[in-house]
Amino acid sequence: MADFAAKLSLTLQQMYNRVAGCEAGLLSPVAIERGLDLLKKLGYPTPLLNRLPTESFDRTFPLANPLTRITELAPKTIFDLGCGTALDALFCAQILPECELIVGVDSSSGLLNEGRKRLNNFPLHAAKTTLIEADLNQLNRDLRQLGSWNRPNSFDLILMNGSFNLVYDKMNFFHTLTELLSCDGTILIYDFLLIEPLPPGFSDEIDNWLWNVGGALHEDELSRIIRGMDLDLVSVKELEIINPVARCEIIIEKS
Ligand SMILES: C[S@@+](CC[C@H](N)C(=O)[O-])C[C@H]1O[C@@H](n2cnc3c(N)ncnc32)[C@H](O)[C@@H]1O
């Protein structure tokens with residue numbers, strides 16, 4: 001199964017790099033909302049959106065607006081895994097004056113470069129934001145290999161806005177997250193949970209993982225995975241039902 005994870009990572013990296021490298025046309029046959037319309041529908045605050053040129057939203061793919069929840073949590077350090085063009089990272093830097101460090105991780109160098117270009121227009125916020133290329137399917141190994149990177153021992157908030165279901169081995173992944181999360185920290189996930197079983201064999205196809213459904217878990221499965229891992233599933237909030245999944249906000253904390 002290591003082969004499946006490696007192939008999944010490579011396929012997603014190639015797909016998102018293609019998204020980053022071409023005009024909006026690449027995804028036009030895919031029936032998903034995107035760009036400014038998507039961000040408005042998800043409830044991102046208009047004053048924040050108005051600070052950026054409209055075209056800068058073309059390559060953002062959030063599953064929800066996390067900013068209200070993050071403001072309540074008031075983290076000093078944020079690890080945004082699967083950050084894409086780092087829109088959430090930039091907004092967090094702008095709305096959380098107490099936040100000291102935001103680290104975004106993504107496997108698409110193309111999306112990260114778009115994010116770096118945008119951050120360059122906001123030097124004050126860029127100063128507390130670091131974007132690094134790494135593979136979530138081997139996060140532990142990749143972070144160890146980034147020897148020169150001066151990372152804190154732990155983070156107050158680990159955010160995954162649309163990237164959790166793209167991780168293959170979720171149990172192994174949570175072991176890594178547990179090590180990265182501070183004692184009173186929060187893992188905040190926006191992704192789909194299954195509300196009906198997937199057809200047999202559906203998740204064996206890489207293509208079915210690319211839009212976050214093939215790797216979706218049922219809530220009970222998620223609970224089972226984190227049980228005994230020093231983590232508590234604090235809440236699951238359904239934001240929208242799109243059978244066979246529900247778009248959800250998932251909050252996990254250390255026990
Ligand atoms: C649905 S998009 C969400 C992007 C971002 N959070 C946003 O709100 O725009 C999923 C992101 O996960 C990244 N991704 C997918 N698989 C990954 C992996 N194995 N390692 C790191 N990043 C990955 C993609 O490159 C993409 O940026």
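What follows is calculated from the coordinates using simple rules that are stated; it is not laboratory data. As the structure is a prediction and not an experimental result, all values here were calculated from the model. Glycine also receives a Cβ, built like all others from the backbone with ideal geometry; neighbour counts cover every protein chain displayed.
Would you pick out the residues in segment 89-111 that are more than 22 Å from residue 176 (Cα to Cα) and either surrounded by fewer than 24 Cβ atoms within 10 Å (Cβ to Cβ) or of a type outside the set (A, V, I, L, M) (or both)?
Initial filter on segment 89-111 (more than 22 Å from residue 176 (Cα to Cα)): 90-100, 109-111.
Within segment 89-111, 91, 92, 93, 94, 95, 96, 97, 98, 99, 100, 109, 110 qualify.
Scan (1) closer than 22 Å to residue 79 by Cα; (2) free of Cβ contacts under 8 Å to residues at least 24 places away in the same chain; (3) assigned to a strand (DSSP E or B) for the single condition residue 240 breaks and write down its number.
Condition (1) is where residue 240 drops out.
Looking only at segment 198-216, count every residue that is within 17 Å of residue 164 (Cα to Cα), of a type in the set (A, V, I, L, M, F, W, C) and part of a loop (DSSP other than H, G, I, E, B) and tell me the total. Spell out the reasoning first.
Keep residues of segment 198-216 that are within 17 Å of residue 164 (Cα to Cα), which gives 203, 206-216.
Filter once more, keeping what is of a type in the set (A, V, I, L, M, F, W, C): 206, 209-211, 213, 216.
Add one more test, that the residue is part of a loop (DSSP other than H, G, I, E, B), and what stays is 210-211, 213, 216.
So the count comes out to 4.
For every residue, the table says whether it meets (1) of a type in the set (D, E, K, R); (2) within 10 Å of the ligand (Cβ to nearest atom).
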| position | (1), (2) |
| --- | --- |
| 6 | no, yes |
| 38 | no, yes |
| 43 | no, no |
| 48 | no, no |
| 65 | no, yes |
| 72 | yes, no |
| 78 | no, no |
| 97 | no, no |
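If you check 11, 60, 54, 68, which single one turns out to be more than 19 Å from residue 162 (Cβ to Cβ) and among the β-branched types (Val, Ile, Thr)? Lay out the reasoning, then the answer.
On the way: 11 fails: more than 19 Å from residue 162 (Cβ to Cβ); 60 fails: more than 19 Å from residue 162 (Cβ to Cβ); 68 fails: more than 19 Å from residue 162 (Cβ to Cβ).
Matching residue, one of 11, 60, 54, 68: 54.
Would you list the strands (runs of 3 or more DSSP E) that sit entirely within segment 100-180 and hold 3 or more residues that are closer than 20 Å to residue 56 by Cβ and more than 10 Å from the ligand (Cβ to nearest atom)? Spell out how you get there, then give the answer.
Values: elements: 101-106, 129-133, 155-161.
Correct list: 129-133.
So residue 93 ticks every box in (1) part of a helix (DSSP H, G or I); (2) under 26 Å from residue 240 (Cα atoms); (3) under 17 Å from the mean Cα position of the chain (by Cα); (4) away from the ligand (no atom under 11 Å from the Cβ) but one. Which box is left unticked?
Here residue 93 clears every test but (2).
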